[in-house]
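First the structure, in the form of structure tokens, and then the observations on it.
The values are calculated or read from the model by the stated rules, or taken from the named source; none is laboratory data. Quick caveat: nothing in here was measured; it's all calculated off a predicted structure. Heads up, the Cβs are rebuilt from the backbone with ideal geometry, glycines too, and the neighbour counts pull from every protein chain shown. Each accessible area value is taken on the protein alone, full model and side chains, heavy atoms only, with ligands, DNA and RNA left out. Shrake-Rupley method; radii C 1.70, N 1.55, O 1.52, S 1.80 Å.
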Amino acid sequence: MGLLAGLLGWASLPPIGLDGLGLVWLVPWFIALRFPIKQRCLHTALAAGLPALHVILGIVEAYPAMAFVALALALGPMMAGALIGLASHRFWGVRCGLIIVTVALAMGGLRYLGLPVSVAAVTGLPGPSGIRQPLAEVLAGGGVITLDVALIGAQAAMAAALCRSGAHSDRLQRLARWSSASGLLLAIIVLTTTNTGESAEPTAKRVAVIETALPPHQKARLIADNQLETVVARHRRLRQQALQADPDWIVWPEGSTPGLGSPPPRPDPARPVSGPPAEIRHVYRYQRPGQLSSTAVLRTVRGQPIAQIDKRRPLPIAESSIADPRQSSAATMLGATPVTVLICSDIFHTPSLFDVARSDTAVIINPTSIGYLGGRWLPLLHQRAVQIQAAALGRPVVVPTNGSAAFWVSATGALNRLGAGTGAQPHIATLPVPRQTHAPHPLLGVGIWVAFVSLPAATAGTVSHRLPAPRWRPGCRPTVTIGVLALIAFRLVIEHQPSSTPSKTPDGGTASLSYEAITAPEQPDSAVVAALARSFAIPITVADIPADRDHAWRWLCQQIHMGLDPSPVPLIEPPALGFVTANERPLVIRWSQGGRPIAFDPVAGVFQILERPPPDTLWLREMPPHRACSGSAEW
């Protein structure tokens, strides 16, 4: 039973994508819950583990710790249901309802952490054409968790009807049980796969959605000759192409800015913001050693700042160095349209979604870089999950992407693909902005919960008695189960085998790269300044740096607005960026997350991997906004 459930769940996910199988994914699992606890736990490991392995194996190479934790968390909701079980002779209906509620709430807790885990995502609902208005009202009242309860309850009822099919009952009773479970599941399918259009004729916004292809490993070598210049020129062309389409907004994906970001200028409340178009760009802003911020900078195309929005809930482990600002999801006015920016996994963060639902937000922007997180199917699963959230919130969502296909989703969950994810290109989307969103009806959501939690007991015709034993034996010997699981895991590993890449030098580039732009034996201080500037995406060379030492450091401070961190070396954590000037030969020190410190010698133009950073390293950190830049004496 567990293996059958796992294969059904696996086949419903990309690349096979047989969504109909996901609608009966949990039926064999509910049948297996009537076995003794050891057997039902093994069945659950197969039922939940196979779909989870299919998704998570792609990120093992880049984030092994995160992959292990994510797999354990993904097994958690259904394993909790297995511990409750249905083997008891008493209170069968109550225990079945408790399992439904436990699994739905546990998945909701994972979404709170930013993991897009839901039964609806596995089933592929809503479909590409969106949902009908009645279900939109249900989602508005109860959210994604209500749809999960309905799907779990309907499949539990089908399992109950299947188990009762061999019991002593007349044909009319069996027909009634099957009809009740199948009818409700069919109603869910109809409501979630047919779009009736927007609830009100909306105004239209012309949005330039930028799709980029800037992998993380390429960022590490942007300080090399012509690398940064090439990316900056490509992005300038993308921006010019977007402006030619006369858009209202230009939106860029997460991780598309080459290099680190310095503190952006703050909006001046006394200075009115000029008219459209507005531009939303994402940047990883360097704050101090061990801490970055994932920030969306909103400004006019002429550079006038409008607002800056930080990521509200960084992912555990993978984004441990990202600061958690605990911001509310307040909307920002772009012209006359209130817009909320939710960076990547924030679109699944429950408190952020509650803030959006209570606000006057008309459009959600969701910049992502999930194409380079790992695995070929994560972008498609993100796409499914965004559809569900857009339908639940009743707001359109625009998703600019880095490394995968850009898309946008209407307020009814209808999917609109913009690209194929094959390279950097702008796309123009005519985005309908509803004049008003559907109002939530909490009582309707409560009614759905009560109906579907009690449905399995009603279908089985019993609340307190145990269902009859199945006609087949469990047939789940541990050795056989472990062997099958190992075989399928091996197949998945082969499927996710990464392609070979050229050997890397310590700087993260390839052996063919040169570094003349930041190498100067006669001007080592200028070379250090040039290397630091290029790390912040400023495309300059040693020749562009002032020859005078004081002027060079003052120029760098004015460009990146960075000072020195006074923390002693033992307290410094990666990611960190600094330099050493006390030695005869100055060094630039870069310490990336999960790696060892790397030193660049601007005199010889070579890199060296260090066991630990030099004790006299001067580390960069953001300067207070009121503090002015001085010369090299302070540095």
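Projecting label points 7 angstrom from Cα along Cα→Cβ for E516 and F68 puts them 4.7 nm apart.
Each of the peptides 18-29, 600-611 was scored by the mean count of other Cβ atoms within 10 Å over its residues; in descending order, highest first, they stand as 18-29, 600-611.
Counting only heavy atoms of the protein chains and using a 1.4 Å probe, R288 has close to 90 Å² of accessible surface. Spacing of the modelled spin labels on A336 and N416, each 7 Å from Cα toward Cβ, amounts to 2.0 nm.
Heavy-atom accessible surface of R376, to the nearest 10 Å², is about 140 Å², with a 1.4 Å probe and all protein chains retained. Under 5 Å between amide hydrogens, built in the peptide plane, is the criterion, and for M333 it picks out V339 among residues at least 5 positions away or on other chains. When each of the peptides 101-109, 56-64 is scored by the mean number of other C-beta atoms lying within 10 Å of its residues, the order from highest to lowest reads 101-109, 56-64. Sorting Y372, Y284 on solvent-accessible area from highest to lowest, probe radius 1.4 Å, gives Y372, Y284. Provide the FRET efficiency to the nearest 0.05 for the T300-T203 pair, computing r from the beta carbons and using R0 = 30 Å. So, using R0 = 30 Å, E works out to roughly 0.90.
The relative contact order of region 6-59 comes to 43 percent, based on Cα pairs under 8 Å that sit 6 or more residues apart.
Name the shape class, rounded, prolate or oblate, that the alpha-carbon gyration tensor gives for region 313-420, where a ≥ b ≥ c are the square roots of its eigenvalues, rounded holds for a/c under 1.5, and otherwise prolate holds if a/b is larger than b/c and oblate otherwise. Oblate, because a/c is 1.5 or more while a/b does not exceed b/c.
Computing FRET efficiency as 1/(1 + (r/R0)^6) for L105 and L18, where r is the C-beta to C-beta distance and R0 is 25 Å, gives about 0.35. A Förster radius of 51 Å, combined with the Cβ-Cβ distance separating D616 from K38, puts the computed FRET efficiency at roughly 0.30. Residues in region 304-309 carry Karplus couplings, in order, of 6, x, 10, 6, 9, 10 Hz; the curve used is 6.51 cos²θ - 1.76 cosθ + 1.60 with θ = phi - 60°, and Gly or Pro positions show x. Between H626 and R376, the modelled labels are 5.7 nm apart [label points 7 Å from Cα along Cα→Cβ].
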